[in-house]
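The values are calculated or read from the model by the stated rules, or taken from the named source; none is laboratory data. Computed from a predicted model, the values in this text were never measured in an experiment. Every residue, glycine among them, receives a Cβ derived from its backbone with ideal geometry; neighbour counts consider all protein chains shown.
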Amino acid sequence: MFCLSKDVLEKVIESRLAKKVRIFVDKEKLHPDYIPEKLPHREKEIERIASILVPILEGVRPSNVLIYGLTGTGKTAVTLFTLRWLEEKAKKLATKFKYAYVNTRKADTTYRIISEIARSIGLRIPQTGIAIAEVYRRYVEALNSWGGIHVMVLDEVDYYVKRHGDDLLYKLVRVNEELKHAKASLIGVTNDINFIEGLDPRVRSSLGEVEVVFPPYNAEQLEDILQERAKLAFNPLAITPEVIKYAAALAAREHGDARRALDLLRIAGEIAERLEDPIVAIDHVKQALLEIEHGRVKQVISSLPLHSKLVLKAIVTIVGEKGSATTGETFNTYVKMAKEMRVEPLTQRRISEIVSELDMLGLVNAVVVNRGRYGKTKVIKIPELVINTITDCLNT
């Protein structure tokens with residue numbers, strides 16, 4: 001069995017080495033974590049953030065910043081691009097400056113966030129075993145000993161606050177009150193334009209000293225971004241301008257999401273590789289869209305509460321038989337399923353609310369229709385792009 005498995009691996013390697021045209025030169029250049037040397041169509045935002053942070057080079061603490069924008073609008077890339085540039089300049093000027101970048105969706109506990117912030121100035125923090133207050137005290141002490149300017153970037157900060165509250169933000173925006181020989185600033189990055197409204201007023205006034213909003217990209221701008229990345233990532237013989245233009249147009253429909261555009265191009269290239277096609281075609285991009293959507297839908301469904309899953313399964317059942325479902329039909333089917341599972345059904349009003357929530361998530365399309373003397377009802381359909389994924393997820 002081991003030999004057979006090894007033979008399969010040898011076959012894959014030989015097949016790859018035998019190819020006359022390689023699809024990728026450096027696939028990593030298409031990952032969202034890669035920060036390129038050029039950021040097309042973000043010159044204004046770079047200039048704005050640089051102007052806020054440039055006092056660092058004179059030893060002056062910059063204002064706290066809150067950066068807004070939809071997913072894939074370049075918020076993180078521009079922030080890190082600017083901070084890296086400032087770090088290089090600071091070294092040449094012998095200015096003490098360091099920054100910490102923490103994605104709070106990945107480091108999703110207060111302990112991990114403070115630990116990563118502390119590690120960015122060289123402080124060793126164990127994975128566990130110390131009280132949060134002690135980790136914070138050590139960070140403040142280390143900052144004072146170091147004596148420079150420290151900028152903390154909390155990406156997707158809204159995700160953390162929704163789960164844990166804003167106590168940590170309160171500490172971080174007021175940390176300068178505990179510092180005698182160092183200075184610190186906080187940059188919050190969020191997709192939620194209303195994020196600051198839910199914060200404690202004391203945090204709101206300090207964190208929102210300066211606010212920067214990133215607009216979404218349009219199709220032409222996304223095409224420019226993809227062209228630049230494609231030069232770095234693809235063999236020039238394996239990609240065409242038409243394919244790049246098509247991927248950009250698809251991503252532009254999703255609020256101008258550059259991250260989605262890059263994923264489309266990368267996955268399309270991977271599909272071409274798997275099929276042993278020498279050139280990435282539009283059909284590969286279409287297949288990439290299906291794979292991305294499948295993954296997104298699967299992730300969303302897996303996080304749904306039980307009753308939301310039952311409502312979705314009821315809709316899928318009815319749509320499979322009749323092409324569409326009404327709120328009443330959905331409720332009746334849902335009640336039947338709930339009773340079969342020995343679960344107490346929710347009210348019809350709550351089921352109507354769940355249908356609206358599923359609509360907002362993009363899992364169904366619900367349109368209110370006036371049926372005259374029969375009153376109004378919601379006619380529910382499922383987007384063709386996601387119906388197969390939904391069915392697979394609910395049956396597993």
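Details
- Looking across region 57-79, the residues that are among the polar types (S, T, N, Q) and more than 28 Å from Leu93 (Cβ to Cβ) come down to Thr71, Thr73.
- Residues located in region 232-245, provided they are surrounded by 21 or more Cβ atoms within 10 Å (Cβ to Cβ) and either not in a helix (DSSP H, G or I) or not aliphatic (A, V, I, L, M) (or both): Phe234, Ile239
- Verdict on Ser205 being polar (S, T, N, Q), in the same structural domain as Lys162 (by TED's automatic domain parsing) and surrounded by fewer than 17 Cβ atoms within 10 Å (Cβ to Cβ): yes
- For region 247-269, the set of residues classified as surrounded by fewer than 19 Cβ atoms within 10 Å (Cβ to Cβ) and either over 19 Å from the mean Cα position of the chain (by Cα) or under 19 Å from Val25 (Cβ atoms) (or both) consists of Ala249 only.
- Counting only helices (runs of 4 or more DSSP H) wholly contained in region 1-116, the ones carrying 1 or more residues that are at pLDDT 95 or above and over 29 Å from Val161 (Cα atoms) occupy 43-53, 75-92.
- Set side by side, the residues Ala314, Ala338, Ala288, Ala325 differ, and just one is under 24 Å from Ala261 (Cβ atoms) and at pLDDT 90 or above, which is Ala288.
- All positions within region 66-87 that are within 14 Å of Val54 (Cβ to Cβ), among the aliphatic types (A, V, I, L, M) and either surrounded by fewer than 21 Cβ atoms within 10 Å (Cβ to Cβ) or touching a residue at least 40 places away in the same chain (Cβ under 8 Å) (or both): Leu83
- Qualifying residue in region 176-197 (condition: of a type in the set (Val, Ile, Thr), in a helix (DSSP H, G or I) and without any contact (Cβ under 8 Å) to a residue 40 or more places away in the chain): no
- Qualifying residue in region 121-129 (condition: more than 22 Å from the chain's Cα centre (by Cα), modelled with pLDDT under 95, farther than 24 Å from Thr71 by Cβ and of a type in the set (Val, Ile, Thr)): yes
- All positions within region 128-139 that are in a loop (DSSP other than H, G, I, E, B) and either touching a Ser or Thr at 6+ places or on another chain (Cβ under 8 Å) or surrounded by 10 or more Cβ atoms within 10 Å (Cβ to Cβ) (or both): Ile130
- Arg259 vs. criteria in contact with a Gly (Cβ under 6 Å, 6 or more places away or on another chain) and either assigned to a helix (DSSP H, G or I) or of a type in the set (D, E, K, R) (or both): yes
- On the stretch given as region 310-334, residues that are surrounded by fewer than 17 Cβ atoms within 10 Å (Cβ to Cβ) and part of a helix (DSSP H, G or I) total 5.
- Of everything listed in (1) over 21 Å from the mean Cα position of the chain (by Cα); (2) under 30 Å from Ile271 (Cβ atoms), the single unmet condition for His294 is (1).
- Residue match in region 366-378 (condition: surrounded by 14 or more Cβ atoms within 10 Å (Cβ to Cβ), closer than 29 Å to Glu254 by Cβ and either of a type in the set (S, T, N, Q) or touching a Lys or Arg at 6+ places or on another chain (Cβ under 6 Å) (or both)): yes
- Selection within region 103-127 - surrounded by 17 or more Cβ atoms within 10 Å (Cβ to Cβ) and among the β-branched types (Val, Ile, Thr): Thr104, Thr110, Ile113, Ile114, Ile117, Ile121, Ile125
- Evaluated against (1) basic (Lys, Arg); (2) closer than 22 Å to Lys29 by Cα; (3) over 27 Å from the mean Cα position of the chain (by Cα), Arg274 falls short on exactly one condition, (3).
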